[in-house]
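The values are calculated or read from the model by the stated rules, or taken from the named source; none is laboratory data. Keep in mind that what you see is a predicted model, and the values were worked out from it rather than measured. Positions of Cβ are backbone-derived with ideal geometry, glycine not excepted, and every protein chain shown enters the neighbour counts. Side chains are part of the model used for accessible areas, which takes the heavy atoms of the whole protein and leaves out ligands, DNA and RNA. Shrake-Rupley method; radii C 1.70, N 1.55, O 1.52, S 1.80 Å.
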Amino acid sequence: MEERRLGPVVGLGTWNTFGTDASLAGDVVEAALTAGVEVFDSSPMYRGAEASLGKALAGRGTIATKIWAQTVEEGREQYRRQREWFGRVEIEQIHNLVSWEQHLEWLDGEHDGKLGVTHYSAGAFGELARALRTGRFDVVQLPYNPHEREVERELLPLAAELGVAVIVMRPLAEGALVQREVDPAALRELGVDTWAQALLKWALSDERVDLVIPATSRPERTAENAAAGRPPWFTPGQRALVEELAA
Ligand SMILES: NC(=O)c1ccc[n+]([C@@H]2O[C@H](COP(=O)([O-])OP(=O)(O)OC[C@H]3O[C@@H](n4cnc5c(N)ncnc54)[C@H](OP(=O)(O)O)[C@@H]3O)[C@@H](O)[C@H]2O)c1
């Protein structure tokens, strides 16, 4: 798999997948590691997924998790538990900008890995840009797929200008975009085997993107998704074809 600033370009999201099911987490994570996935994204919001993920990884992989807390006290407690589960956190992100200015202060002093910030909603992108302009974040996580392209206006150019690495959440639009049947001839034209791979390659073909983190609860899909992390990348014409197929 191609590597960019955060490692191999296809990671694994953990929202709404295995939650507290440690056995399923073990199967999904093992399959993902075998497929070459390195970065695992989680959050205290993900209904027990952090603990299951920590157990399944047993010290392997790169952890990108989040602080999701109104107060500094609660945030510090989340950070303490994450280090128990994972041993260390390589990328610590402030989830959905919640109390971001307060968390930035203590994380900046205590966290020696990368610092990131996330939001899923276009209504918050102005504030996300303001956070990036502090110059204190290494990573931003934002939604990007053919149905959600608002980030092209300000956030992707800003991240490129500031040298901030980009993690793409919801590359499959939470699964909504993979529901449709796509003509196999179009997939051949794109040089991929599946429509999910076309969508992942669509995001990764933007050179400002470092990592996509599709979530799956099905071990076999991790290899399918990881295979999208290999060049060649789409030409502008192939990207336009994906947009047409997704419309
Ligand atoms: N605010 C934030 O910080 C924030 C917000 C949203 C997401 N995130 C992060 O970004 C990650 C990804 O976003 P997401 O989980 O919302 O959506 P997503 O990755 O776009 O889509 C996940 C859905 O796609 C399906 N899927 C995965 N691979 C597939 C394949 N090869 N073929 C067909 N279906 C496939 C999964 O179903 P199956 O389980 O059946 O495979 C699941 O329903 C999250 O898990 C989370 O880690 C962060």
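Here the simple spin-label model places points 7 Å from the Cα toward Cβ, and for E105 and D193 these points are separated by 5.2 nm. Between 0 and 90 degrees, the angle of helix 72-86 with respect to the longest Cα principal axis of the chain falls at about 60 degrees. Which part of region 203-220 falls in the paramagnetic zone of W233, meaning amide N under 17 Å from the point 7 Å along Cα-to-beta-carbon? Under cut-off, by backbone N: 203-213. Simple spin-label estimate for E152 and K55 gives 4.3 nm between the two label positions (7 Å along the Cα-to-Cβ direction from each Cα).
Normalised per residue, the accessible area of the chain is 43 Å², obtained with a 1.4 Å probe and no contribution from ligands, DNA or RNA. Our note on the geometry: Cα centres of region 168-230 and region 27-77, 22 Å apart.
Calculated over the chain, the projected area of the Cα convex hull averaged across directions stands at 12.1 nm². Measuring nothing but protein heavy atoms, the accessible surface of region 43-103 at 1.4 Å probe radius is 49 percent carbon and sulfur.
Accessible surface comparison of Y120, Y144, probe 1.4 Å, protein chains only, largest first: the order is Y120, Y144.
Positive end of the dipole of region 50-93 (Cβ unit charges, origin at the Cα centre): among I91, G75, T62, the Cα lying farthest that way belongs to T62.
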